[in-house]
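The values are calculated or read from the model by the stated rules, or taken from the named source; none is laboratory data. Owing to the predicted nature of the structure, the values given are computational and were not obtained by experimental measurement. Positions of Cβ are backbone-derived with ideal geometry, glycine not excepted, and every protein chain shown enters the neighbour counts.
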Amino acid sequence: MLAPCQLELWEVAEHGDLEGVRRTLEQGADARMPNRLGWNALHRAAMSGSDTVIDALVSSLGADERARAALLAAADSSGNTALHIASGCG
């Protein structure tokens, strides 16, 4: 079972809620964790177009460049990355 903060992270990321994203990350939510469709918080944030939320999610991985690159390259169950989602949502 997922922690409530993880579920909340996906929701607040999709709505571009920077403070909500910061709060849920501090509570232990993981920006990399995918939902059942393979979408992680970055995919959800890409829908909102909020560059500050996207930056916060990527920055939550610290200086680990491999983890950051993996987050950016993560594809959902249809093969879409967050960049695909962002371009599709304008």
Next item on the list: Identify the residue in region 1-32 that is among the polar types (S, T, N, Q) and part of a helix (DSSP H, G or I) and, among all such residues, is farthest from G62 (Cα to Cα).
Entry: Q6
Check: Which of the residues spanning region 33-43 are under 10 Å from the mean Cα position of the chain (by Cα) and either part of a loop (DSSP other than H, G, I, E, B) or modelled with pLDDT under 95 (or both)?
Finding: M33, P34, W39, N40
Margin query: Please go through (1) touching a residue at least 24 places away in the same chain (Cβ under 8 Å); (2) under 24 Å from G79 (Cβ atoms); (3) out of contact with any Phe, Trp or Tyr (no Cβ under 8 Å at 6 or more places or on another chain) for V21 and return the number of the only condition it doesn't satisfy.
Written below: (2)
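Look through region 38-75, keep the residues that are in contact (Cβ under 8 Å) with a residue 12 or more places away in the chain and of a type in the set (S, T, Y), and return whichever of them is surrounded by the most Cβ atoms within 10 Å (Cβ to Cβ).
First, the residues of region 38-75 that are in contact (Cβ under 8 Å) with a residue 12 or more places away in the chain: 38-50, 52-54, 56-58, 60-61, 67, 70-72, 74-75.
From what's left, of a type in the set (S, T, Y): 48, 50, 52, 60.
Working: S48: 17, S50: 19, T52: 11, S60: 21.
Going through the qualifying residues, I end up with S60.
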